[in-house]
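The values are calculated or read from the model by the stated rules, or taken from the named source; none is laboratory data. Keep in mind that this is a model prediction, so the values were computed, not measured. Positions of Cβ are backbone-derived with ideal geometry, glycine not excepted, and every protein chain shown enters the neighbour counts. For accessibility, only protein heavy atoms count, side chains too; no ligands or nucleic acids. Shrake-Rupley method; radii C 1.70, N 1.55, O 1.52, S 1.80 Å.
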Amino acid sequence: MHNLTSQQLDTLATELDTLAAQTRAKVGAEDARYLERVLLVQRLAVWTGRLLLLGIIWSPWLWLLGVLLLALGKILDNMEIGHNVLHGQYDWMQHPYLNSRQFEWDIACDAKSWQRTHNFEHHTYTNIIGKDRDFGYGLLRLSNDFRWRLRNLWQFVTYLLLSTLFQWGVSYHELAAQRVFFGKKKNDRHSQVSDHELKKAFFGKGLRQLCKDYLLFPLLCFPLFFEVLVGNLLANIIRNWWTATVIFCGHFTKDVYVFAAKDCENESRGHWYLRQMLGSSNFTGPRWFHILTGHLSCQIEHHLFPDLPACRYPELAPQVRAIAERYQIPYNSGSFIRQYATVLQRILRYSLPAGAAPQRQM
């Protein structure tokens, strides 16, 4: 089915390269205006939300609306703006801060640290066991390729905690990989920066976020310190859960494939494209839903073309799906609820010693 010949892989690469070039030729002022509109909505949501937190004086419903608007602003900052800007999708705009070199987002993770672990490592080695540390984040066993340990019995609880504290998990991800605080660094781990720089970025960015949300804004709103602090906390938790759920639905559904490192050595561009398609999942929804996911609802297209403006993914998806059908490559897509159900199924299945055999591309 999807065990393509070298010639087919070369043809696949040519088709997808052509599709990317055609889309890139369309990118311009319309995409810049779109990003600026999203930024405006994000700022309005954040500041309106912060003001409405003070509305608890008149009604708890105003406070609740403030929490939801603040969470919306944080989600847009994290997903549709931050994630995509840090991928370099809008560097061509030459915007003073909406670019992959200058942008810093409203989460605990330092942007440069995320770029090192995500942009390079995850997108280069997608779902290659032992090389893509995003596959389970070192906390969850999601394949029989990993030895079962006693702690996997309660990994569903671990998943719940990870989702609740997701921004901190993302922030700690690079330090955990380099074993900065514990253990001996693995021989194949070569950090681009020193341990001192990693710790400085981790503690510096984390402390700024804690002070902003749980000290500065509550103090500015004194005597409503506690109400504002709790509002900020809930907005962050909502953002964390949404972000984690979207990411898990794009990477850890029942039908995603995993890969052995030896099978991906010296891979061609066509094989890399094939691996991205087999290792990713899409989920469907209306336009506003795609925006709230940062267009990671089109995870397949994102993994194929990570540097194209994400707002272009919905128009690319039918064309990518048609290419997949021609080559008889599985195109894993379904409703959000269905995909999330299979994520939970995967987490629970591999919490036991005898998990199902993972799907592999041979």
All positions within the stretch 314-337 that are surrounded by fewer than 15 Cβ atoms within 10 Å (Cβ to Cβ) and closer than 24 Å to Y137 by Cβ: I337
Would you check if L215 is free of Cβ contacts under 8 Å to residues at least 40 places away in the same chain, open to solvent by 10 Å² or more (accessible area, probe 1.4 Å) and of a type in the set (A, V, I, L, M, F, W, C)? yes
Could you list all residues from the stretch 258-270 that are in contact with a helix residue (DSSP H, G or I) (Cβ under 7 Å, 6 or more places away or on another chain) and either surrounded by 20 or more Cβ atoms within 10 Å (Cβ to Cβ) or among the β-branched types (V, I, T) (or both)? F259, G270
Of these, R24, R33, which one is free of Cβ contacts under 8 Å to residues at least 60 places away in the same chain, surrounded by fewer than 21 Cβ atoms within 10 Å (Cβ to Cβ) and farther than 30 Å from A244 by Cβ? R33
Name the residue, out of R275, R326, that is free of Cβ contacts under 8 Å to residues at least 24 places away in the same chain and more than 19 Å from W241 (Cα to Cα). R326
When the residues of the stretch 245-268 are filtered to those that are in a helix (DSSP H, G or I) and in contact with a Gly (Cβ under 8 Å, 6 or more places away or on another chain), which remaining residue is nearest to I347 (Cα to Cα)? H251
On the basis of being surrounded by 18 or more Cβ atoms within 10 Å (Cβ to Cβ) and at pLDDT 95 or above, does L344 make the cut? no
Just give me the residues in the stretch 273-313 being among the polar types (S, T, N, Q) and open to solvent by 20 Å² or more (accessible area, probe 1.4 Å), in sequence order. T284
If you take the residues of the stretch 47-58 that are without any contact (Cβ under 8 Å) to a residue 40 or more places away in the chain and open to solvent by less than 100 Å² (accessible area, probe 1.4 Å), which of them is farthest from L72 (Cα to Cα)? G55
For the stretch 274-286, state whether one or more residues are closer than 22 Å to E36 by Cβ and either touching a strand residue (DSSP E or B) at 6+ places or on another chain (Cβ under 9 Å) or not in a loop (DSSP other than H, G, I, E, B) (or both). no
How do the pairs read when you match residues in the stretch 194-212 that are within 9 Å of A108 (Cβ to Cβ) with residues anywhere that are outside any helix (DSSP H, G or I) and of a type in the set (V, I, T), using Cβ under 8 Å and keeping only pairs 6 or more apart or on different chains? Q209/I107
Taking the stretch 138-168 and keeping only residues that are more than 15 Å from S351 (Cα to Cα) and either more than 17 Å from the chain's Cα centre (by Cα) or without any contact (Cβ under 8 Å) to a residue 60 or more places away in the chain (or both), one is left with L161
Among residues of the stretch 61-120 being among the small types (G, A, S) and in a loop (DSSP other than H, G, I, E, B), the residue surrounded by the most Cβ atoms within 10 Å (Cβ to Cβ) is A108
Only one of (1) within 30 Å of Q42 (Cα to Cα); (2) part of a helix (DSSP H, G or I) fails for L153. Which number is that? (1)
Just checking, how many residues over the stretch 19-42 are more than 16 Å from L304 (Cβ to Cβ) and of a type in the set (S, T, N, Q)? 1
Number of the condition not met by T243 [criteria: (1) open to solvent by 40 Å² or more (accessible area, probe 1.4 Å); (2) within 15 Å of Q167 (Cα to Cα); (3) of a type in the set (S, T, N, Q)]: (1)
Here are G130, G183, G136: which of them is at pLDDT below 90, under 26 Å from A260 (Cα atoms), open to solvent by less than 30 Å² (accessible area, probe 1.4 Å) and outside any helix (DSSP H, G or I)? G136
